[in-house]
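The block underneath contains the structure these notes are about, expressed in structure tokens.
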Amino acid sequence: MNSSTMKAVRQHAFGGPEVLRYEDAPLPTVAPGEVRVRVHAVGINPPDWYLREGYRMLPPQWQPAVSFPLILGTDVSGVIDAVAEDVHDFGVGDEVYAMVRFPEGLAGGSRAYAESVSVPAWQVARKPRGIDHVHAAGAPMSLLTAWQFLVEAGHDVPNPLQPHRHVPVPLAGRTVLVNGAAGGVGQFAVQLAKWKGARVIAVASGRHAAFVHGLGADVFIDYTRTAAESVVRDIDLVVDAVGGAGAARFLPTLRRDGALFPIFPLGFAGADEAQRLGITVSTTQVRSNGAQLASLAELLDAGTVRVAIDSTFALADARRAHERASRGNIQGKIVLTVR
């Protein structure tokens, strides 16, 4: 590797984990308004494998145009090593974390599975001092998703699947059910709802019971033994971190004027039933936001919100990390480490 190249994980075709190649790639330059981050850790998220496979779950007309080779990934933690002349809020040597160019980088423009990545300065925040790069890299997309669904949207852009903008609902004194409570978004939804004063019912597989109670859940339901929708009623809010077509099964658990937030809304087919029951169904598209990450860094520093790590892999072993993700039953986040 010379001064104009770096190591990155690239792919030259769509497919399974086997298409991920650890190889030389051009070192990114810094455009106006950007900083360059020497990456120490990369968080893995579902959009990574959606793009790796070619967004097969989307209708053809929604599938973004992709140019190969591409570099996956959005979530990074590292140290700034270059700053554009017009950037004054950050300097070389600052430890930062970010969710890079999302959703505008859906077609591979985020480029985080690499030793270096350029990032618009407004998407960057100083890394929480009290946690290491691995835990910081595990936070951005999942924590911003939970925050923008539950606390502050931070933007007025509606999800293309609904005509209205997403509006969080009050949580204090309410009962919130979180499905998929042990996963990346679920772990933060439990913690944020509890922090905001909600009573939290968490749904996950039995092996996660102690973990989820440790996050603050008041009630745990093992979905492998009991269908949550058969035993709970009069819920104020359901956050379905699994989403998809199955989210509609939670409608009977909600009181009239309750709300259902499917994190992954594709395939939801309960709109008519929700209207009949007087239930609001709302979703949003998580968007990069450095100012929100700066606020969240305070919660992470204070230990109010914690990042659980399922497993770590070297950047060169990104294929193995994706194979781990494909097996499911993840507790927290999968993170790539960069030497």
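The values are calculated or read from the model by the stated rules, or taken from the named source; none is laboratory data. Computed from a prediction, not measured in an experiment: that's the story for all the values here. Every residue, glycine as well, gets a Cβ built from its backbone with ideal geometry; the counts of neighbours run over all protein chains shown.
For the reader, a short list of remarks on this structure follows.
- Residue that is surrounded by the most Cβ atoms within 10 Å (Cβ to Cβ), among those in segment 293-303 that are in a helix (DSSP H, G or I) and among the small types (Gly, Ala, Ser): ALA297
- Number of positions in segment 185-208 that are among the charged types (D, E, K, R) and either crowded, with 24+ Cβ neighbours inside 10 Å or touching a residue at least 40 places away in the same chain (Cβ under 8 Å) (or both): 2
- Taken across segment 43-61, residues that are in a strand (DSSP E or B), closer than 18 Å to ALA139 by Cβ and either modelled with pLDDT of 95 or more or not β-branched (Val, Ile, Thr) (or both) do occur, with at least one present.
- Qualifying residues in segment 150-166 (those that are in contact with a strand residue (DSSP E or B) (Cβ under 9 Å, 6 or more places away or on another chain) and part of a loop (DSSP other than H, G, I, E, B)) - the one modelled with the lowest pLDDT: GLN162
- ASN329 falls short on exactly one of the conditions (1) within 19 Å of SER77 (Cα to Cα); (2) assigned to a loop (DSSP other than H, G, I, E, B), and that condition is (1).
- Number of the condition not met by ALA241 [criteria: (1) at pLDDT 95 or above; (2) more than 22 Å from ALA139 (Cα to Cα)]: (2)
- Considering (1) surrounded by 17 or more Cβ atoms within 10 Å (Cβ to Cβ); (2) among the small types (Gly, Ala, Ser); (3) more than 20 Å from the chain's Cα centre (by Cα), the lone condition that SER230 does not fulfil carries the number (1).
- For segment 7-30, a residue qualifies if it is assigned to a strand (DSSP E or B) and either under 22 Å from the mean Cα position of the chain (by Cα) or under 16 Å from ALA321 (Cβ atoms) (or both), and the qualifying residues are LYS7, ALA8, VAL9, ARG10, GLN11, ARG21, TYR22.
- Enumeration of residues in segment 249-292 that are among the β-branched types (Val, Ile, Thr) and in a loop (DSSP other than H, G, I, E, B): ILE263, ILE279, THR283, THR284, VAL286
- A count restricted to segment 31-54 and to residues that are over 18 Å from the mean Cα position of the chain (by Cα) and aromatic (Phe, Trp, Tyr) stands at 0.
- PHE211, sole failed condition from (1) assigned to a helix (DSSP H, G or I); (2) in contact (Cβ under 8 Å) with a residue 60 or more places away in the chain; (3) surrounded by 24 or more Cβ atoms within 10 Å (Cβ to Cβ); (4) not hydroxyl-bearing (Ser, Thr, Tyr): (3)
- Test: LEU177 is assigned to a helix (DSSP H, G or I), in contact (Cβ under 8 Å) with a residue 24 or more places away in the chain and buried (at least 18 other Cβ atoms within 10 Å of the Cβ): no
- In the condition set (1) touching a Gly at 6+ places or on another chain (Cβ under 9 Å); (2) in a loop (DSSP other than H, G, I, E, B); (3) closer than 30 Å to PHE90 by Cβ, ALA146 is compliant with all but (2).
- Matching residues, segment 15-54, being at positive phi and either touching a residue at least 40 places away in the same chain (Cβ under 8 Å) or in contact with a helix residue (DSSP H, G or I) (Cβ under 6 Å, 6 or more places away or on another chain) (or both): GLY33, GLY54
- Among (1) part of a helix (DSSP H, G or I); (2) closer than 29 Å to ASP156 by Cα; (3) touching a helix residue (DSSP H, G or I) at 6+ places or on another chain (Cβ under 8 Å) - the single one ARG306 does not satisfy: (1)
- If the condition is being closer than 15 Å to VAL167 by Cβ and surrounded by 22 or more Cβ atoms within 10 Å (Cβ to Cβ), then segment 244-261 contributes GLY258, LEU260, PHE261.
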